[in-house]
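Here's the structure, in C-alpha cells; my notes come after.
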Amino acid sequence: MDIYLFEAIINGILLGGVLALLALGLNLIFGVIDVVWICYAELVMCGMYMIFWLHSFFGWPILLASFAAILGVAGLGVLLHLLVISPILGSAPINQLLATGGMLFFLQSLATLLFGTDFRNIGVRLPLIELGDIFISYSRLLAFGTALIGAVALYLFLSRTYLGIAMRAIAQDREIMGLMGVDQRRVYLITSAVGGALAGLAACLLVLQYDVHPFIGLSFGPITFMICVLGGLGNMIGGFIAAFVMSQIIAVGGYYFSIEISYVLAFVFFIVLMFIRPQGLLAR
Amino acid sequence: MAADQNGQRSLGEGAMLTLCNISAGYGSFRALFDVSLEVGAGEAIGVVGPNGAGKSTLMRVISGMLRASSGELVFEGRPLTHVPAHRIVEAGIAHVPEHRRLFARLTVEENLRIGAFLPQARRHYVERSEWVYALFPRLLERRRQLAGTLSGGEQQMVAIGRALMSKPKLLLMDEPSAGLAPLVVDQVFDLVRRIREEGYTVLIVEQNLQQVLDVVDRAYLLEVGRIRLSGLSAELKKNPAIRKAYIGL
Ligand SMILES: Nc1ncnc2c1ncn2[C@@H]1O[C@H](COP(=O)(O)OP(=O)(O)OP(=O)(O)O)[C@@H](O)[C@H]1O
Ligand SMILES: [Mg+2]
C-alpha cells in the first residue's frame with residue numbers, strides 16, 4: 001500500500017478521536033437534557049483561549065493550564081445551562097435552538113471584542129514520531145489517546161454509576177425520575193458540567209494542533225453536528241463510530257484530492273446518507 | 001396488623017398518611033375536590049372508582065408528581081404538601097406508577113439500581129436486590145434483559161421491585177393488575193398480600209373491585225374527583241350500591 005495513503009488513514013483515525021470526544025459531549029447533553037448546544041464548538045474556543053492566556057501570558061505550566069481550562073469550560077457549561085437553557089427548558093425546540101445559536105454568535109463576538117481576530121499559538125511544539133517511513137504527529141497521537149480514555153471513562157460512568165444510569169434513564173422518561181428519588185435539576189447541572197468538561201478536554205487537545213481565533217469553532221462545529229446526526233442524535237455509540245467514518249473521509253479525501261475537496265466530500269456523504277437513512281447510521 | 005378495625009378515627013391522629021381536603025387538577029381542569037383520606041401504619045387501603053375518577057391524580061399528588069392546589073398532606077407528622085417528588089421518596093413513600101413506566105432500554109438490574117438511587121438506599125442495594133429477586137425469582141433469570149422486552153406480568157414485577165428498592169414505608173400502587181391475564185392478576189394480588197405480610201403499608205388503586213376488596217382492610221370509593229364512600233372492605237362488599245355498580249351482582 002501507498003505509504004502516504006497509510007499515513008492519511010492513520011491521521012484520519014487520530015483526528016476521529018477528538019471529533020468523537022466532541023460528538024460524545026454533544027450527544028450526552030442532547031440525550032439527557034434534550035437540547036442541542038449549537039454553541040458547543042464555541043465553548044471549545046473559550047477553552048482554547050483559557051489555555052492560551054494561562055500558559056502564554058500568565059506562564060502557567062501547560063498541564064496546569066489545561067486542567068484549569070477543563071474546569072473552566074465545565075463551569076461555562078453550568079452557566080450556559082443556568083442562564084440560557086434552564087429558563088426555556090419547557091419551550092419549543094426551535095426556541096432552544098435559537099437561544100443556543102444566539103450564544104454561538106455572542107461567544108464569537110465577545111472573543112473578537114476581547115482578543116481581536118489575531119491567530120494565537122501557544123507555541124508548544126510536540127515532535128513528530130517516525131515509524132519507519134511514516135510520520136505521526138505526537139500531538140495528534142496524544143489527542144487520540146486522551147480522547148479514547150475520555151470516551152472509555154464516560155462509558156464506564158454511564159454504565160456503572162448510579163448517576164450515569166440515571167442519566168440514561170432520564171432521556172426515556174423524565175416525568176417519573178422524581179419518583180426514583182432523582183432531582184432532575186441536579187442531574188441537568190452535572191450533565192452540563194460533564195458536557196462542558198468534555199469540550200474543555202477537546203480544547204486542550206486542539207490547542208496543541210491549531211491556532212486560536214474567535215472563529216475556530218467553525219472549523220469543527222459543523223462537522224461535529226454532522227457526526228452527531230449521522231450517528232443518530234443522542235446515540236453515543238453511533239456518534240463515536242460516525243466520528244471515525246467522517247474523519248476517514250476527510251483524511252483520505254485530502255490525500256487523493258485536497259483538504260478543501262475532502263470537506264466537500266464529507267458534506268456530500270452526509271447529505272446523501274441523510275436521504276438514505278434520515279434516522280442516522282445507528283438509529284435506535 | 002391493621003391499625004384500626006372500626007374505620008372511624010379522628011383525622012390525623014396516629015395515621016401514617018393523612019390527606020386533608022386535597023384539591024388538584026391540570027391547568028384549569030379540576031380533577032380532585034376536597035379529598036380527605038388516611039392510611040394507618042401497617043394498613044392496606046384501596047382506592048376504587050370508575051375511569052377518570054381521579055384515582056391516578058390522587059396518587060400523583062401523594063408522591064409529589066403533581067402539586068395540590070389546596071389542602072394538606074401529612075406523612076408521619078411531617079407536612080409534605082409542597083415537597084418535590086424526590087424528597088417524598090426520601091421520606092419513605094414509593095409510587096408504582098400507572099402503566100408501569102419502566103425504563104425500557106435499561107436492563108432489569110439497571111431499573112432496580114435506579115430504584116435505589118437515594119444514598120440511603122444505595123447502601124443497602126445488595127441486600128435489597130437479593131430480597132426483590134427472592135420475591136420475584138423470574139427477574140433473577142432476566143436481570144440482564146432489557147426491561148422493554150419482558151412480558152407484561154414480568155414488567156409489573158420490575159415496577160414493583162423498583163419501588164421496593166428504596167425500602168419505602170408506604171407503597172403506592174396504581175392499577176398493578178391492569179392489562180394482565182386473569183391468572184397473572186391473581187399472582188399480582190398474591191404479591192400484594194405478601195408485601196403486606198412483610199409489614200409494608202400499602203395504598204392501592206384498582207379497577208378490579210372484587211379482588212382488591214379481598215386484599216385491603218379498608219377502601220375509598222372515588223367518583224368524579226370526590227370521595228363518595230369509605231369503609232371496611234367487608235362492609236363495602238355488602239353495600240348494595242357498590243354491588244350493583246361495580247361488582248355487577
Ligand atoms: N396530564 C393530564 N392533563 C389533563 N388532564 C388530565 C391529565 N391526567 C388526567 N387528566 C384528567 O383528570 C381526570 C382524572 O384522571 P385520572 O388519571 O386521575 O383518572 P383515573 O381515576 O386514574 O382513571 P383510570 O381508571 O382510567 O386510570 C380525567 O378526567 C383526566 O382526563
Ligand atoms: Mg388511573
Checklist entry - What shape does chain B have by the C-alpha gyration tensor, where a ≥ b ≥ c are the square roots of the eigenvalues, rounded means a/c under 1.5, and otherwise prolate means a/b greater than b/c and oblate the rest? => result prolate
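Which order do the peptides A:80-87, A:153-160, A:176-183 take when ranked by the mean count of other beta-carbon atoms within 10 Å per residue, highest first?
Numbers: A:80-87: 17.2, A:153-160: 14.1, A:176-183: 23.2.
Highest to lowest by the protection proxy: A:176-183, A:80-87, A:153-160.
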Checklist entry - What would the Debye formula give as log10 I(q)/I(0) at q = 0.20, 0.24, 0.25 Å⁻¹ for the alpha-carbon point model of segment B:176-249, no solvent? => result -0.93, -1.21, -1.26
Next on the checklist: Report, in listed order, any pair from B:K55/B:K244; B:K167/B:K237; B:K55/B:K238; B:K167/B:K244; B:K55/B:K167 with a Cα-Cα distance greater than 27 Å.
Outcome noted: B:K167/B:K237; B:K167/B:K244
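Charges at C-beta only: +1 for Lys and Arg, -1 for Asp and Glu. How large is the resulting dipole of chain B about its Cα centre, in Debye rounded to 20? Mind dumping the intermediate values first?
Details: 31 positive and 26 negative charges, 107 e Å.
For this selection, approximately 520 debye.
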Checklist outcome for this item: If every Lys and Arg gets +1 and every Asp and Glu gets -1 at its Cβ, then about the Cα centre segment B:100-155 yields a dipole, in debye to the nearest 20, of 180 debye
Checklist outcome for this item: On each of the three principal axes the extent of the alpha-carbon atoms of chain A, given in whole Å and largest first, is 60, 49, 34
Item to check | Local electrostatic count, B:A121, Cβ distance below 12 Å [Lys/Arg +1, Asp/Glu -1] | outcome: +4
Checklist entry - Is segment A:1-71 best put as rounded, prolate or oblate by its Cα gyration tensor, with a ≥ b ≥ c the root eigenvalues, rounded for a/c under 1.5, and otherwise prolate when a/b is larger than b/c, oblate when not? => result oblate
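List every DSSP H helix in chain A whose Cα atoms extend 15 Å or more along the helix's own long axis and whose mean Kyte-Doolittle hydropathy is at least 1.0.
On the way: long enough: A:3-33 (45 Å, 2.15); A:40-52 (18 Å, 1.45); A:62-80 (26 Å, 2.54); A:93-115 (33 Å, 1.30); A:138-160 (32 Å, 1.29); A:184-206 (33 Å, 1.17); A:217-230 (19 Å, 1.92); A:236-256 (30 Å, 1.56); A:259-276 (26 Å, 2.64).
Those that clear 15 Å and a mean of 1.0 are A:3-33, A:40-52, A:62-80, A:93-115, A:138-160, A:184-206, A:217-230, A:236-256, A:259-276.
Peptides A:94-102, B:80-88: what's the order by average Cβ count within 10 Å, highest mean first?
Details: A:94-102: 15.0, B:80-88: 17.8.
Top to bottom by mean Cβ count within 10 Å: B:80-88, A:94-102.
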Checklist entry - Mind checking the mean number of beta-carbon atoms from other chains within 10 Å of the Cβ atoms in B:87-96? => result 2
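Would you tell me the mean number of C-beta atoms belonging to other protein chains that fall within 10 Å of each C-beta in B:106-117, as a whole number? Could you put the intermediate results ahead of the total?
Numbers: counts 4, 1, 0, 1, 7, 3, 0, 8, 12, 3, 3, 10.
Across B:106-117, the average partner-chain Cβ count within 10 Å equals 4.
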Next on the checklist: Which residue, A:H81, B:F117, A:V264, has the largest displacement toward the positive end of the dipole of the protein assembly as shown when charges sit on each Cβ (Lys, Arg +1; Asp, Glu -1)?
Outcome noted: B:F117
Checklist entry - Hey, how many Å between the Cα centroid of segment B:18-86 and the Cα centroid of segment B:151-165? => result 23 Å
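Any read-out appearing in this document is the output of simple, stated calculations on the displayed coordinates, not a laboratory observation. Keep in mind the model is a prediction, meaning the values are calculated, not measured. We place every Cβ from the backbone using ideal geometry, glycine too, and count neighbours over all the protein chains shown.
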